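The structure appears right after this line, and notes come after that.
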Amino acid sequence: MYRPVILRKWFCSLSTLVMGIYTAHYAMGLWRLQFSADDGHDVLYTNLIYYNKKLLISYNSTEEKFIGYTEEAMKIADKRTLENSMQYISETMKIVDAAAPQEPQVRVFSTKTGSSDHPGILVCSAYSFYPKLLTLTWFRNEEEVTSGVTFTDEMSNGNWLYQKHSYLEYTPTAADHISCMVEHASLRTPKLYPWENFPESRRNKLIVGTGGLLLGLAFIIVGVVYYIKHMRGENGLQGAKGLCTHLPFVTTCP
């Protein structure tokens, strides 16, 4: 998604000039986009076509129609050329609509380094944003961090979207709360993205491992209880057999 930088009103015009080499005729097409809203969607599109300094055809997106100013131009405006031009304008307006600010996708993560002073680096990466200007700021325990910070310039993705990265050298402590603040035209207010010093993947592995351990412990407890009850039952039976009274032709047990 992309858009021109929009203030209160922005005017964008594109002119094309075609010169006939042999006949020396002069033709000009003027396309104009007038933005009257900050969100980039309230747009007036006009198209003017001149031939030998004479206005032939005009188009206004508010009226959604072509106007011919000469007899031949009126015929052209009524033919299939009009449909093709309308299709072109429709595609152009899609581009204009798509030119709204694109909110960045932000990721904050850690990576290791070979330095003993700073065993790790925090990375704040912003992807797929528009317009180009974006600011990344590090905070540690709600205080801005300026030392040990490096960053890249805004880099183009090749599709009119941009990415930017900032790096913070750190010595991890359990008490630190570190976050990356992003400022961009697509955000009404700056947005904070906290760093989770215990990644979700590791947390999930711990949960699975703990669950397996508890399940195994439960089986062990059940087995021990069963074993104890079984042993008590055998001991009780043997004790009862010891109390049996043997009489002639009869044996009685309690």
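Provide the FRET efficiency to the nearest 0.05 for the Glu142-Leu213 pair, computing r from the beta carbons and using R0 = 51 Å. Could the numbers behind the result be given before it?
Working: r = 37 Å, r/R0 = 0.73.
Here the calculated transfer efficiency is 0.85.
Measuring between their Cα centroids, the range 167-188 and the range 43-73 lie 53 Å from each other. The calculated pair-distance distribution of the range 105-197 uses every alpha carbon pair, bins of 5 angstrom beginning at 0, and gives 3, 14, 25, 24, 17, 10, 5, 2, 0 percent. Taking 7 Å steps out from each Cα toward its Cβ at Thr111 and Ile228 produces label points 5.5 nm apart.
Think of the range 105-197 as a dipole: +1 on every Lys or Arg Cβ, -1 on every Asp or Glu Cβ, centred on the Cα centre; then among His184, Ser147, Gly158, Gly158 lies furthest on the positive end. Relative to the current alpha-carbon distance between Glu64 and Lys191, full extension at 0.36 nm per residue lengthens the span by 41.7 nm. What FRET efficiency comes out for Lys75 versus Trp160 if R0 is 41 angstrom and r is the Cβ-Cβ distance? Round to the nearest 0.05. Efficiency, from the Cβ-Cβ distance: 0.60. Modelled spin labels at Asp176 and Val123, positioned 7 Å past Cα toward Cβ, are 1.8 nm from each other.
All of the numbers you see were taken from the coordinates with simple rules; none came from a lab. Given the structure is predicted, the values throughout are model-derived calculations rather than measurements. Cβ atoms come from the backbone with ideal geometry, glycine included; neighbour counts cover every protein chain shown.
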